[in-house]
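For reference, the structure is listed below as structure tokens.
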Amino acid sequence: MLALLVAALLASCAARGDGALCAADRSDERVVSAQVFDGDTLRLEDGRVVRLLGINAPETGRDDRPSEPLAEEASALLAGLAGPGTRLVLRLDEERFDRYGRTLAHVFGDDGGNVQVQLLEAGYATTLVVPPNEWAADCYAAVEAHARARRRGLWGLEGYQPIAAEDLPESARGFRLVTGRVQRVGESRGNVWLNLAARFAVRIPRDDLVYFGALDPRTLAGRRLEVRGWIYQRRGELRITVRHPAALRLMD
């Protein structure tokens, strides 16, 4: 079933003109790389720092913090694709800069190859959609699903296997995939809440509901979900904030 889904998604990408490798629909800038920081961040010769859109790679160690699993491998792959002196093409999206002042862009080789795709294919990155930057989200998801089905890279690690919401330890933090049935849907002034366990909730900001289209989170009571994101603790419960439907997967 998963193989059929992936094939359908890739076919959909091709039908939209993205191509199986999520090819750029336009070229906004031609640049030259100067330095690779980690698996999803690089510096250009003009001094700008670029954060690759659509993906998230494990963090490399700094300030006495150890590297996350496979961070060095992700960084090495990006260095091979976009190391110093490499000519690159940037495809920008709706939001051009993040809060750190980094340029947000989809990065392509001079030959048109999608750098994000190659990291996803190797299993050295996961998809990450931060609205309003949604370009190629479906195509990236299809590539990730292909790598996940084959347990490549990160997908072969215990920390990237889904865990049931009721089995989360109180100490759980960081990126996880969490499964569970929506026991209750709640609403507050600024958020929609999906409770998957007594002490685990998904927070969806109301301002982001516009990105959910036909998938209205307020109608998901009783549905079984897989949610991805970064776990944090607030008011005695574990939470994940979801801003885009790419972070939710219906399981029934």
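Roughly speaking, what is the stretch gain from residue 111 to residue 198, that is 0.36 nm per residue apart minus the C-alpha to C-alpha distance, in nm to one decimal?
So the extension gain works out to 26.2 nm.
Taking the Cβ-Cβ separation of residue 152 and residue 187 as r and a Förster radius of 35 Å, what is the calculated FRET efficiency to the nearest 0.05?
Computed FRET efficiency for residue 152 and residue 187 comes out at 0.35.
As I understand it, the dipole of the chain uses +1 on the Cβ of Lys and Arg and -1 on the Cβ of Asp and Glu, about the Cα centre. Which of 233, 142, 60 lies farthest toward its positive end?
Looking along the dipole axis, the top candidate is 233.
Summing -39500 (n - 2.57) over the DSSP H runs of n ≥ 4 in the chain and dividing by its residue number, what mean residue ellipticity at 222 nm do you reach, to the nearest 500 deg cm²/dmol?
That comes out to -6000 deg cm²/dmol.
Where nothing but the Cβ of Lys and Arg (+1) and of Asp and Glu (-1) is charged, how large is the charge dipole of the chain around its Cα centre, in debye to the nearest 20?
I would put it at about 840 debye.
If I take R0 = 30 Å and measure r between the Cβ atoms of residue 171 and residue 72 in this structure, what FRET efficiency does the formula 1/(1 + (r/R0)^6) give, to the nearest 0.05?
With R0 = 30 Å, the Cβ-Cβ based efficiency is 0.70.
Tell me, Kirkwood radius of the chain from alpha-carbon pair distances, in Å?
Result for the chain stands at 19.0 Å.
Just so you know, all these numbers are worked out from the coordinates, no wet-lab data involved. Small disclaimer: the values here were computed from a predicted structure and weren't measured. Positions of Cβ are generated from backbone atoms using ideal geometry, with glycine treated the same way; all protein chains shown enter the neighbour counts.
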